[in-house]
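Encoded as structure tokens, the structure appears first; notes follow it.
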Amino acid sequence: MNLIDVLGPFVILVVMIAAVAGIYLRQGRNRALERLILQREGGSIAAFRGTLAVEESRPGFLRLCKSTAQARSLQFQYRWLVGNGRQAVFDEVTFDASRRLVELKRKDKHNSAPFSEFLAIRMREVSGKHAISIWHVELVPRKGAATPFVTSDRGYRETSFEQTAPLARAVSAIMSVPVQVVVDGKAWTPGWPPKEPMASS
């Protein structure tokens, strides 16, 4: 009985670390989807549903807020009930091209950073059963770990991507950085995501 008490917490910790590591190891960049975001007009940014709502959007400026019941509910679910790894926890995020700044607000904390600190915007897929996905949209810094600033609602893999991509594209255009797309290799949908074309010899 004493051995179980001593080893039990370590076993649980190892299982948790293995689960999180498994999620990250089975993911990989999909450049076909990155090109799709770059080349296609896509849908409206207003179609996005996630942990923040689009509050204000105009050329060179985007403000996302936790202003709807759905956004507040999703943020609670992902952070406390079903989320894995780092979660998007901000109450408000603003991208302002005129000042070249991103502002991140949560409760009474207010952080800002110049666009020059970031290399890319990343869409990272987390999948569930039956090709259901959510997408974290993250700021990728020049140094350190990526920061998720918003997460999409659950949906069918392709549909969820199509609703989230316009948001990533808008932020990319404001910050003048590329969009990276990281897909979960275990979420299998026939014919999707697009495969890389064969390199010509």
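General remarks:
- Environment charge of residue 150, counting only residues whose C-beta is closer than 10 Å and scoring Lys/Arg +1, Asp/Glu -1: 0
- Debye, to nearest 20: dipole size of region 116-199, +1 on Lys, Arg Cβ, -1 on Asp, Glu Cβ: 160 debye
- Order of 96, 184 under a 10 Å beta carbon neighbour criterion, fewest first: 96, 184
- Take the Cα of residue 117, step 7 Å toward its Cβ, do the same at residue 98, and the gap between the two points is 2.2 nm.
- Under the simplified labelling scheme, the residue 81-residue 189 pair shows an inter-label distance of 2.3 nm, with each label point 7 Å from Cα along Cα→Cβ.
- Over all Cα atoms in region 87-201, the spread is summed up by Rg and Dmax: 15.5, 57 Å.
- For region 28-89, convex hull of alpha carbons as volume per residue, Å³: 124 Å³
- Per-residue extension of 0.36 nm, minus the Cα-Cα distance of residue 56 and residue 70, leaves a gain of 3.3 nm for this segment.
- Computed over every Cα-Cα pair of region 123-173 and binned at 10 Å starting from 0, the pair-distance distribution P(r) comes out as 26, 50, 21, 2 percent.
- Inter-probe distance in nm under a simple model that places probes 7 Å from Cα toward Cβ, at residue 110 and residue 35: 4.4 nm
None of the figures in this text is laboratory data; all of them are computed from the coordinates on show. All figures in this text were calculated on a predicted structure; none of them were measured in a lab. So basically every Cβ, Gly included, is an ideal-geometry build from the backbone, and we count neighbours across all protein chains shown.
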